[in-house]
Structure formats: C-alpha cells, structure tokens
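The values are calculated or read from the model by the stated rules, or taken from the named source; none is laboratory data. Here the structure is a predicted model, which means the values were calculated and not measured. Positions of Cβ are generated from backbone atoms using ideal geometry, with glycine treated the same way; all protein chains shown enter the neighbour counts. SASA here: full protein model, heavy atoms, side chains in, ligands and nucleic acids out. Shrake-Rupley method; radii C 1.70, N 1.55, O 1.52, S 1.80 Å.
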Amino acid sequence: MAQSSFIELCRKRVGNAHVISVPEKMASYVTDYRKRYAGKALAVVLPGNTREVADLVRLCKQYRVPVVPQGGNTGLVLGSVPDTSGKAVVLSLARMKRIREIDVKNNTMTVEAGCILDDVHSAALEADRMFPLSLASSGSCTIGGNLAANAGGTAVLRYGTARDLCLGLEVVMADGAVWDGLYKLRKNNTGYDLRDLFIGSEGTLGIITAAVLKLFPRPTTRQTAFVALSSPADALQLLAIAQKVADSSLTTFELMSGYSLELVVRHFPHLLPPLPLERPYYVLLELSGTEPEGQLGERFEKLLQYAIEEGVICDAALSQTVSQSRSMWALRENISAAQAKEGKNIKHDIAVPTSLFAEFIETTDRQLQQYFPGCRTVTFGHLGDGSLHYNVAAPKGVSDDAFLMRQDEVNRIVYDSVDRMQGAISAEHGLGALKHERNAEYKSDVEIRMMRKIREAFDPDNLMNPGKVLP
C-alpha cells in the first residue's frame, strides 16, 4: 500500500484540514494522558459525522490499516493511543460534538460521541435535568470514551456506571456498516443486548458515534459531610448506617486515607481541611434530593449523630454553604494531582466486593510492608460501589525510579490479593494495552475464549484498536 495514496483518500473523505500527517502535529494524539508513553501513527483523521466515520473505516478495511478510536485521550491504560509501529490511523471523534436531541418528557438526551462531559452536564441543566456521571476529567473527557471504558466516577453508588446511564447507541462496525441502536426505551427485550457489548469494549468491537443518555430530575438540595474514622472497617459500618438512614438520597461515599489528604495539603496549602488530619481515614459523603433543604439537613444530622453515638466515627464537619461543600470536594478531587507533584507511584484501579473492602486494604497493606518496608500507600476511592484507587509510592530514601523497577512485584501482591477476594484488577479505567496481559492471568480460559470469539465475530481482521483488552 502506498501510504500517500491512502492518506490522500482520507483527505477526500473528510477534507484536507481534518487529516494530520505531520509527526509534530500528531504528538498530542499519540501521547498518553500521563505523558509516559508515545506511540506513532500513519495519520490522525477527524471525521465530522457518522457517515464520514463509516467511510474511513471502510477505507481502512480495504487497505488493512488498523484504527485507534479516540475521544478526549484522558484514559490511563494506553487504550486510546497507537503502538509504536506507525501503521495505525488515530480516528478522533473530537469534531462530533452535537447534542442531537433532549427529550424532557422521556428524560433522555441523544448526543454525539465527541461531546465533552461538562457540556453534557450544562445542556442537561439548561433543560432542568441532570446527567449524573461525575469524573475529575469532565472538562476534557468525551461521552464516547466514557462509554467505551464504562467510566464510573463518584456517583455510581446512586446512579450506576456509564453502562447504567445509557439506553441506546449508534456504532460504526468494523466493516463500515452503521448500527442504529439509538433506542430511548427502558424496556426492550427484542434480542441480544448489543449495546452492552460495545460499552466497555474500548473500541475493539466498533466505534461508538452517538448515544442516548438517561437524564434525572435536577437535585434542588445537596449537602456534604467530611468525617474522620479510625479504620476502613468503621467506614463500612458508616456506609451501612448512611444507607439505612439516608436511603436513596445517599449520592456519594468516598473513602480517603489520611496520607492521601496530607499530600493534598502539602502541595495545595490553600486547601484547608474542615477537620484536623489526625486520623488514618476520612470519608466524604453527600446527600442530595428534591426535598426542602431543612429536611435533608435534619436527616444528615440524624445520620451523623447516630454514627457518633455508635462509636463509628471520631468527628464530623457538615457543610452549611455551597462554598464549604466545594472546599470539601476540592480535597478529594486533588488527590491525584497531589500524588503527581509528590513523585511517581505504582497505580492500581481495582474493585472488590464492598463487604471485603476493609479486609483488602488491611491485608494488602500488611503484605506490602513485609516486602517493601516503609512503602507509602495512597488509598482513596468509591467505597459505596467497591472500587478503589490503591497506589503505592517508594519508601522515604528510595528513589522513585528504583522503586518502579520493582513494579511487577508490587502488582503481583496487589492483584493476587484482589483475585483472592474475587475482585477485578480494573474497576473503571479499562484494560487498554497496559493491563490486558496481566488480566488474562486472572481470567478463566472459558472467559478469555468467549471474549476472543466475540471479537473475532465483530472484527475478523483485527483492525479495531488492536493490542487492547485481549492479549
């Protein structure tokens, strides 16, 4: 294949301005979010509509060019960047950002895959509705990428993952055919649920070009509490109390280690915690609803008072203003940024049954200290849905690079612990090219074989995001 001929055909399909083939201009598309890895691409193409996506995919199939679909490129597992062969085309959905329809009576919104999550939030609010997917990268991540990775975020406890927030999809298949599955139905038992296959498939089965999203009534009241605890086991008890007392108004329940928050205060000294950082663990919990503010506040105070009387929590601060609530959230949202400023670390995005959350943390902490005395764990995550960011940094006096040389040993301890508790080594970031080999070690042969058969059926030429999800 003459590369120049293929690229020229791409230009004819989408316009000269929307095909990038100069390496310097492709850099941001082939470099991962953490700037630790850079691949190479034959070209970057930016279609403007579904027809152009289909045309490009057919062209890639004809010339046997691999396709790497890309949204906001905010992923953390190398799922949206090409390898170093330079043979693939990066197909960016960035231009496809129309909101096609908002159906208020049906509580749905139909959007294109390149829509930025923050823009979806804004459009929902303009219609006096809410789209509850909440991520730290909401200003740059896209709906297509959120669905391709089945993103979670801080509101999964109440609203579910991206999969739970999607009713229908439009997908360009590996042969260029377009599946119009933009159903706005909450009940549809007319065959296999094809939507669920594409959500979480990381672009290996087809390219999501549009989606029907669920909308919800916009909460009129919201209140946040910052709570100090002695252990993850106490956090589990607090979760049970909150679910009993607050019921469906419990929206968020985030666990944060004291060390995680110490990093935030160290690197962002303007962020002041509402309580002294004297305890090993803290929880950020939030209630929201459409009831009068006074009623929600009374319920929250009852919840916290009961937890104190039961000896479950050590201390608590309840927000009285929107500003106070935002300050509490800023502590949680800046943990990742504080880690980056502190230095390199070995990251894990894992899930275990909520009932085993405390056992996982205590057991894995102990095992890591046995093999890596003095190593520091940055532990934070979504206790309500059982997913956790469990990151391990070098002991004091050991260089980051020297510690990273032992990453495989650290990963083995963490992932073996996850496996013993019937968990998953990826909770919300996907597998990409970073975790697919390790994931196969923990999956049964039957499960891997079924996944391979699905992929072969949808993409027999292995051109859709090759090297991702499956080894």
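The residue of the stretch 194-239 that is surrounded by the fewest Cβ atoms within 10 Å (Cβ to Cβ), among those that are within 26 Å of GLN320 (Cβ to Cβ) and charged (D, E, K, R), is ARG218.
Only one of the listed residues (SER80, SER85) is under 14 Å from CYS141 (Cα atoms) and open to solvent by 10 Å² or more (accessible area, probe 1.4 Å). That residue is SER80.
Every residue, every condition in (1) modelled with pLDDT under 95; (2) among the hydrophobic types (A, V, I, L, M, F, W, C); (3) open to solvent by 20 Å² or more (accessible area, probe 1.4 Å), yes or no:
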{"site": "VAL418", "(1), (2), (3)": "no, yes, no"}
{"site": "GLY423", "(1), (2), (3)": "no, no, yes"}
{"site": "GLY432", "(1), (2), (3)": "yes, no, no"}
{"site": "ARG438", "(1), (2), (3)": "yes, no, yes"}
{"site": "VAL446", "(1), (2), (3)": "no, yes, yes"}
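Can you tell me which residue in the stretch 1-22 is nearest to ASP55 (Cα to Cα), limited to those that are in contact (Cβ under 8 Å) with a residue 60 or more places away in the chain and open to solvent by 50 Å² or more (accessible area, probe 1.4 Å)? Among residues in the stretch 1-22 that are in contact (Cβ under 8 Å) with a residue 60 or more places away in the chain and open to solvent by 50 Å² or more (accessible area, probe 1.4 Å), the one nearest to ASP55 (Cα to Cα) is HIS18.
Per-residue answers, yes or no, for (1) part of a strand (DSSP E or B); (2) at pLDDT 95 or above; (3) under 30 Å from ILE346 (Cα atoms); (4) touching a Phe, Trp or Tyr at 6+ places or on another chain (Cβ under 7 Å):
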| residue | (1), (2), (3), (4) |
| --- | --- |
| TYR33 | no, no, yes, no |
| ARG36 | no, no, yes, no |
| GLU52 | no, yes, no, no |
| ASP55 | no, yes, no, no |
| VAL68 | yes, yes, yes, no |
| VAL77 | no, no, yes, no |
| GLY86 | no, no, yes, no |
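Per the conditions (1) within 16 Å of PHE253 (Cα to Cα); (2) open to solvent by 40 Å² or more (accessible area, probe 1.4 Å); (3) not aromatic (Phe, Trp, Tyr), the sole criterion not satisfied by THR379 is (2). Considering each residue of the stretch 150-166 in turn, none proves to be closer than 27 Å to LEU284 by Cβ, in a loop (DSSP other than H, G, I, E, B), without any contact (Cβ under 8 Å) to a residue 40 or more places away in the chain and open to solvent by 40 Å² or more (accessible area, probe 1.4 Å). THR364 satisfies every condition listed in (1) surrounded by 17 or more Cβ atoms within 10 Å (Cβ to Cβ); (2) closer than 23 Å to THR154 by Cα; (3) among the hydroxyl-bearing types (Ser, Thr, Tyr) except (2). If the condition is being touching a strand residue (DSSP E or B) at 6+ places or on another chain (Cβ under 9 Å) and aliphatic (A, V, I, L, M), then the stretch 60-78 contributes VAL65, VAL67, VAL68, LEU76, VAL77. For the stretch 369-419, what are the residues that are free of Cβ contacts under 8 Å to residues at least 12 places away in the same chain and of a type in the set (Ser, Thr, Tyr)? Selection gives SER399 alone. All of SER288, SER249, SER257 fail the test of being farther than 21 Å from GLN305 by Cβ, in contact (Cβ under 8 Å) with a residue 24 or more places away in the chain, in contact with a Ser or Thr (Cβ under 8 Å, 6 or more places away or on another chain) and buried (at least 16 other Cβ atoms within 10 Å of the Cβ), apart from SER257.
Among the residues of the stretch 103-145, the ones that are of a type in the set (A, V, I, L, M) and outside any loop (DSSP other than H, G, I, E, B) come to 10 in all. Within the option set ALA394, ALA427, being open to solvent by less than 30 Å² (accessible area, probe 1.4 Å) and either modelled with pLDDT of 95 or more or not polar (S, T, N, Q) (or both) holds for one residue only, ALA394. Could you tell me whether any residue of the stretch 2-23 is closer than 30 Å to ALA337 by Cβ, at pLDDT 95 or above and of a type outside the set (Val, Ile, Thr)? Within the stretch 2-23 (the criterion being closer than 30 Å to ALA337 by Cβ, at pLDDT 95 or above and of a type outside the set (Val, Ile, Thr)), the answer is no, since none of the residues qualifies. The lone criterion from (1) touching a residue at least 60 places away in the same chain (Cβ under 8 Å); (2) within 20 Å of the chain's Cα centre (by Cα) left unmet by LEU318 is number (2).
Do we have any residue at all in the stretch 423-437 that's part of a helix (DSSP H, G or I) and either within 18 Å of GLY203 (Cα to Cα) or under 19 Å from the mean Cα position of the chain (by Cα) (or both)?
yes
Being of a type outside the set (A, V, I, L, M, F, W, C), touching a helix residue (DSSP H, G or I) at 6+ places or on another chain (Cβ under 6 Å) and closer than 30 Å to TYR33 by Cα is a condition met by at least one residue of the stretch 322-334.
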